[in-house]
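Throughout, read-outs are computed from the coordinates displayed, never taken from laboratory work. Bear in mind that the values here come from a model prediction, so they are computed numbers and not experimental data. Quick reminder, even Gly has a Cβ in these numbers, built from the backbone with ideal geometry, and neighbours come from all protein chains shown.
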Amino acid sequence: MKRLTGAVILLLVSVLLLIPPVSFGWGDAALRLIADKAIDTLPEEILPFFQSNRAFLMQQANDAAAAESKTPGASRNGFIELDHYGPFPFTALPRSYADAVAKFGKRSVAAHGQLPWEIGVYSERLTDAFRMRNWDQVKIEAATLAYYVAVAHDPFKTSTNRDGKLSGQAGVNERFGVGLVDRYQRFFFVRPSEAAFIRDPTDHAFEMSLSAHTWLENILLADERASQGLSSHNDEYYDRFYAQAGAVLIRLLSDASTDLGSYWMTAWINAGRPPLP
């Protein structure tokens, strides 16, 4: 019996070692908020369709996050380690996927994340669904795109320091993307701009990731200052953290909502502006 128990334990350890580490970003509340606010950025021609499917889009954005964590290899699509490619603005990384693979190799590109290209893929899939007037598929693709566009506005999904461990601040990503939102979302207002046409969905995805990355050091510094003199991440810590990083959080959520609405509208326009049910 002891020998059998040891074998089972060894098997479980082996399986766990094969599972890639999960780096949490935006929590459920943030994803729902971004999808919800994105709907209000849309023009009148498509607004009623998205309004009538608001609950579905908000829920499915979270389901896309859960599905990614359960699918082998899919996690590579939910981040891009820009700082692996040298100094800002990371021009060593081609924005063409084919050129990036030719330069760095497919395995290396996958290992350091494929988020902007994945957004380009789902933008095209949403366009195709609009063009075919497959409204059920439109809802699914729009919700999945919501998840990836939201992720592109998470600074920790744009860096090799995705969980804060490299700077000695383990868990700062979850404290920022989950803790602050859950605690203070009733006290801040996300005000996105009107949706705008996106000329190149993949290139714009790179720009979103670059913009999010520029806020990373500010957040890390705010976390460091908020932690000073405290032995735990208690209420006082979160009050300090929000006081210093709350404005950044609100801006990122607002920008994510604006960009998501823009991707939805762009797909509809590129599909020929079909009338929606």
(message) For a quick check of your reading of the filter: which GluC sites (Glu not before Pro) in the stretch 39-98 sit in a DSSP loop and have no more than 15 other Cβ atoms within 10 Å?
(response) E44, E45
(request) Name the lysines eligible as straight-distance cross-link partners of K37: C-alpha to C-alpha under 28 Å, and not fewer than 8 places from it in the same chain. (result) K70, K139, K157
(message) Need one number: nm distance between label points at D182 and D200, each 7 Å from Cα along Cα→Cβ, rounded to one decimal.
(response) 4.0
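In square nanometres, what is the average projected area of the Cα convex hull of the stretch 21-270? Before the final figure, lay out the partial values.
On the way: hull surface 52.6 nm².
Across all orientations, the stretch 21-270 yields a mean hull projection of 13.1 nm².
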(request) Only residues of the stretch 37-59 count here: report those whose backbone N is under 14 Å from the spot 7 Å along Cα→Cβ of D136, or say none. (result) none
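As an exercise, identify the GluC sites (Glu not before Pro) in the stretch 95-201 lying in DSSP coil whose Cβ has no more than 13 other Cβ atoms within 10 Å. List each step's numbers first, then the result.
Working: sites: E118, E124, E141, E174, E194; in loops: E194.
Passing sites in the stretch 95-201 are E194.
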(request) Using a Gaussian network model of the chain whose springs link C-alpha atoms within less than 10 Å, name the residue from F176, F156, F189 with the highest mean-square fluctuation. (result) F189
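Cα convex hull of the stretch 127-270: how many Å³ per residue?
112
Do the sum for the chain: with -39,500 (n - 2.57) for every DSSP H run of n ≥ 4, divided by all residues, what is the mean residue ellipticity at 222 nm, to the nearest 500 deg cm²/dmol?
Working: 12 runs with 166 residues, N = 277.
Result for the chain: -19500 deg cm²/dmol, rounded to the nearest 500.
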(message) Which residue, G78, A143, F187, has the largest displacement toward the positive end of the dipole of the chain when charges sit on each Cβ (Lys, Arg +1; Asp, Glu -1)?
(response) G78
